[in-house]
Amino acid sequence: ADDLVRVGGADGEAAPRVGAGSSWEALPSKMQRLVVLLRELLDSGADERVLVFTQWAAHVAYVHGLLAHHGIEALALAGELAETMDALRRFGQPEEPRVLLLSSQRHSSGINLQAARHVVIIHPYCTPTASSQESISRTQMLAYEAQAIGRVRRYPQHRPVNIYRLFAAGTVEEGLYAGR
């Protein structure tokens, strides 16, 4: 089932740095909801694995630190090719972190990740490149998301795949998903 997860408050883009002094209340509501959702999914079974897509590669490191700070182990595709290949190999192994963080800019296509059953999309895909200020159409945005979701929804996946889209209430993101 595809779930639209609405969260109240400010959008996650104005996120504070995560560190030892970071309090739960200081986190943007979208990031709070991400932590709660991941805990729920991981607690639901030992074989549950989750892909978390953020639009920007630079945001992967922020989310990785935030999750670590809140006790959620995750792998991140953000480094050199050897590090990426190692993270992909580890993601499907027992006793390894069951959350994989990816950038939809870089990793929405070309990777098979059927070990996961849940896909969380933190940001809608809004621009075709990091340097572009042009907006893409809602249809194009949904096509990029479909490619990202396709990393999991493909043969030999035999389990239902759950999609969660996080967005803050009253924002442009909510409008992008309206009528979905």
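What follows is calculated from the coordinates using simple rules that are stated; it is not laboratory data. What you are looking at is a predicted structure, and each value in this text was computed from that prediction instead of being measured. Because the Cβ atoms are built from the backbone with ideal geometry, glycine has one as well, and the counts that use them run over all protein chains shown.
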Q) What is the order of D86, D43, fewest Cβ neighbours within 10 Å to most? A) D43, D86
Q | GluC sites (Glu not before Pro) lying in DSSP loop within segment 53-123, provided at most 12 other Cβ fall within 10 Å | A | E73, E80, E95
Q.
Are there any trypsin sites (Lys or Arg not before Pro) in segment 134-167 that are in a DSSP loop and have at most 12 other Cβ atoms within 10 Å? List them by number.
A. R154
Q: Pop a pseudo-label 7 angstrom from the Cα along the beta-carbon direction at both E40 and R153 and give the gap in nm to one decimal.
A: 2.0 nm
